[in-house]
1. Kindly list, by first and then second residue, each pair from a residue in the range 20-44 that is under 25 Å from GLU85 (Cβ atoms) to a residue that is modelled with pLDDT of 90 or more and assigned to a loop (DSSP other than H, G, I, E, B), limited to pairs with Cβ atoms under 6 Å and residues at least 6 apart or on different chains.
2. List the strands (runs of 3 or more DSSP E) inside the range 56-141, counting only whole elements, that have at least 1 residues being touching a Pro at 6+ places or on another chain (Cβ under 9 Å).
3. Do we have any residue at all in the range 107-115 that's polar (S, T, N, Q), within 30 Å of VAL62 (Cβ to Cβ) and at pLDDT 90 or above?
4. Cβ contacts < 6 Å: first residue of a type in the set (D, E, K, R), restricted to the range 69-94; second residue at pLDDT 90 or above, any location; separation 6+ or different chain. Result?
5. Identify, from the list GLN66, GLN40, the residue that is polar (S, T, N, Q), closer than 20 Å to VAL130 by Cα and out of contact with any strand residue (DSSP E or B) (no Cβ under 6 Å at 6 or more places or on another chain).
6. Given LEU132, LEU128, LEU122, LEU138, which one is surrounded by fewer than 20 Cβ atoms within 10 Å (Cβ to Cβ) and touching a helix residue (DSSP H, G or I) at 6+ places or on another chain (Cβ under 6 Å)?
7. Is it the case that some residue within the range 3-13 is open to solvent by less than 70 Å² (accessible area, probe 1.4 Å), modelled with pLDDT of 95 or more, within 23 Å of VAL130 (Cα to Cα) and outside any strand (DSSP E or B)?
Amino acid sequence: MQAGMLFESIYAPRSGVNIVQLVISLSENLDLTAFERAWQLLAKRHTILRTRFLWEDLDEPVQQVQPSAPVPFRIQTSAVEDYLEDDRRRGFDLSMAPLMRVAVFPQGPASYLVIWTFHHILIDVRALTVLLGDLLGLLLDDLHQVLDGWRRLRPSHQGAQERQSRTRDQECPAHLALSSPIGFTRGAARVSA
């Protein structure tokens, strides 16, 4: 199956074939620095996200894992639909890792669209669920570190602790809510969180 995807991508590089765009809607405040850090850590943890393909002057194509492959991460202000079409047609040079990129579209206060574009040659549905779970874990780890730091800064006397306990939800610097499962629509998966 990978050989067929490699062949299709080499001979029709701008066709959008085998390019997957996962569109995630986030309705929360988003720490973009922590969000980008999570994507970079995800690529460090999973060799498949640092994989490229070599085929020129070889008897058979080979996969090669790079020691590092920074994930292209951009904040976008263009129209989302235009971006989706251009991004899909842009495709990937399969000889250059990573074969993925992330774009974040601020939609208003505490509202974002995240587009994760990747080549299907690397990630199938099973791998996608593992990677998304790990990304969520990285984000939660970062959130826990922020909350631990916030807790250490709280005054230690009893009265202040009781007041903070009553108002914790109002003062907490981050809030995470997850809702609907993955749904697929015309070439792009859409997830709401």
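The values are calculated or read from the model by the stated rules, or taken from the named source; none is laboratory data. Quick caveat, the model's predicted, so the values are computed rather than measured. For neighbour counting, all protein chains shown are included, and Cβ atoms are generated from backbone atoms with ideal geometry for every residue, glycine included. Side chains are part of the model used for accessible areas, which takes the heavy atoms of the whole protein and leaves out ligands, DNA and RNA. Shrake-Rupley method; radii C 1.70, N 1.55, O 1.52, S 1.80 Å.
1. TRP39/VAL71
2. Fully inside the range 56-141 and qualifying: 73-75, 100-108, 111-119.
3. So the first thing to find is which residues in the range 107-115 are polar (S, T, N, Q), and the list is 107, 111.
Next, only the ones that are within 30 Å of VAL62 (Cβ to Cβ) stay: none.
For the range 107-115, residues polar (S, T, N, Q), within 30 Å of VAL62 (Cβ to Cβ) and at pLDDT 90 or above: absent.
4. ARG74/ALA103; ASP87/THR117
5. Numbers: GLN66 fails: closer than 20 Å to VAL130 by Cα.
Sole residue among the options that is polar (S, T, N, Q), closer than 20 Å to VAL130 by Cα and out of contact with any strand residue (DSSP E or B) (no Cβ under 6 Å at 6 or more places or on another chain): GLN40.
6. Numbers: LEU132 fails: touching a helix residue (DSSP H, G or I) at 6+ places or on another chain (Cβ under 6 Å); LEU128 fails: touching a helix residue (DSSP H, G or I) at 6+ places or on another chain (Cβ under 6 Å); LEU122 fails: surrounded by fewer than 20 Cβ atoms within 10 Å (Cβ to Cβ).
Matching residue, one of LEU132, LEU128, LEU122, LEU138: LEU138.
7. no
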